[in-house]
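To start, the structure itself, in structure tokens.
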Amino acid sequence: MKLIPQKKFFRFISLIFVTTLMLLPSLYCGVSIPARAEASPEVPEASTDFYYNDQANLLSEETRALILTKNAALAPHSIQLVVLTMDTLPVTGYTQRVEYLRSVMQSWQVGGAEGRGLLLALSVSDGDYIAVAGEGLLSHFTTDLLKSLLDAQLEPDFSAGSYDAGVSKFITEAASQAETFAVSSGSQPVSAKPAPKKDDGVPVLLWVALGAGAVAVLCIAVFLLSGRQSRRYSPRRGVHRHAPLVTPPRTNVLRHESHTPIIVKSARRGDGPSRIRKL
């Protein structure tokens with residue numbers, strides 16, 4: 001396997017890391033902006049009295065005391081009746097408002113873990129009111145029963161602008177129906193307290209940052225491992241890295257060299273006969 005030179009590999013990893021950092025803002029914007037656009041309307045905090053949140057200031061002290069009294073009687077059966085008044089609900093349309101009120105019930109934990117709760121909401125400016133039952137009361141507080149209670153107990157006073165009187169009558173009759181449900185279902189008395197509000201979860205930006213950090217750590221680890229392998233298995237030039245190096249064996253045979261005799265003649269006179277020297 002042919003290894004990539006360290007310089008080229010380092011440039012490649014650096015390019016990936018820089019590109020990832022540059023894409024972080026666009027990734028965050030691309031994920032979070034649609035989420036914000038489609039996010040549900042803000043749910044108000046539960047009041048200190050919990051059983052009524054009178055933002056529109058419609059309820060008298062007598063009606064507020066009545067709501068607390070009825071809930072005290074229903075507390076052993078884990079049944080809660082809550083009233084929410086607002087100038088205008090933040091959503092329009094019946095289905096959207098029901099979903100919004102269910103999110104309010106979930107946020108406030110109306111009815112506890114078993115969902116034995118009933119929420120009555122009044123939207124004054126557009127003349128609307130809705131009652132939503134929790135999962136634990138649906139078998140008794142059916143759509144027909146809720147409509148009957150609203151038409152008979154709330155509608156006449158609501159149309160006349162007597163919102164306080166209508167809420168008082170509705171809560172009184174709803175509490176009576178809840179007592180009937182508790183007796184017929186044979187529920188054991190238990191205490192029902194609102195559960196603590198859960199966290200919304202980890203922000204999207206944190207997940208993106210963690211992903212980028214993991215990519216960076218992985219790139220650094222791969223680079224370090226590649227550097228070690230290249231130093232350990234660096235190939236020799238002109239020799240395949242898997243080819244064995246062959247060293248010629250030493251020989252114990254002496255080299256025999258023969259020199260051809262060279263005859264040198266003396267050219268000087270009087271030196272006598274020529275001499276032959278072997279070099």
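Before moving on, here are some points about what is shown:
- All positions within segment 149-163 that are farther than 20 Å from A178 by Cβ and surrounded by 13 or more Cβ atoms within 10 Å (Cβ to Cβ): E155, P156, D157, F158, S162, Y163
- Of the criteria (1) closer than 25 Å to S185 by Cβ; (2) at pLDDT 95 or above, which one S139 fails: (2)
- Given (1) surrounded by fewer than 18 Cβ atoms within 10 Å (Cβ to Cβ); (2) touching a Leu at 6+ places or on another chain (Cβ under 9 Å), index of the condition G166 fails: (1)
- Segment 97-108, residues that are of a type in the set (A, V, I, L, M) and surrounded by 19 or more Cβ atoms within 10 Å (Cβ to Cβ): L101, V104, M105
- Condition check for G111: at positive phi, without any contact (Cβ under 8 Å) to a residue 24 or more places away in the chain and either of a type outside the set (A, V, I, L, M) or surrounded by 16 or more Cβ atoms within 10 Å (Cβ to Cβ) (or both): no
Matching residues to (1) touching a helix residue (DSSP H, G or I) at 6+ places or on another chain (Cβ under 6 Å); (2) among the basic types (K, R); (3) part of a strand (DSSP E or B):
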residue: T92; (1), (2), (3): no, no, no
residue: R97; (1), (2), (3): no, yes, no
residue: R102; (1), (2), (3): no, yes, no
residue: V110; (1), (2), (3): no, no, no
residue: S125; (1), (2), (3): no, no, no
residue: A131; (1), (2), (3): yes, no, yes
residue: S139; (1), (2), (3): no, no, no
residue: L146; (1), (2), (3): no, no, no
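- In segment 114-145, the residues that are buried (at least 18 other Cβ atoms within 10 Å of the Cβ) and polar (S, T, N, Q): S123
The values are calculated or read from the model by the stated rules, or taken from the named source; none is laboratory data. The structure presented is a predicted model; accordingly, all values stated were derived computationally and were not measured. Here Cβ is always computed from backbone atoms with ideal geometry, including for glycine, and neighbour counts include all displayed protein chains.
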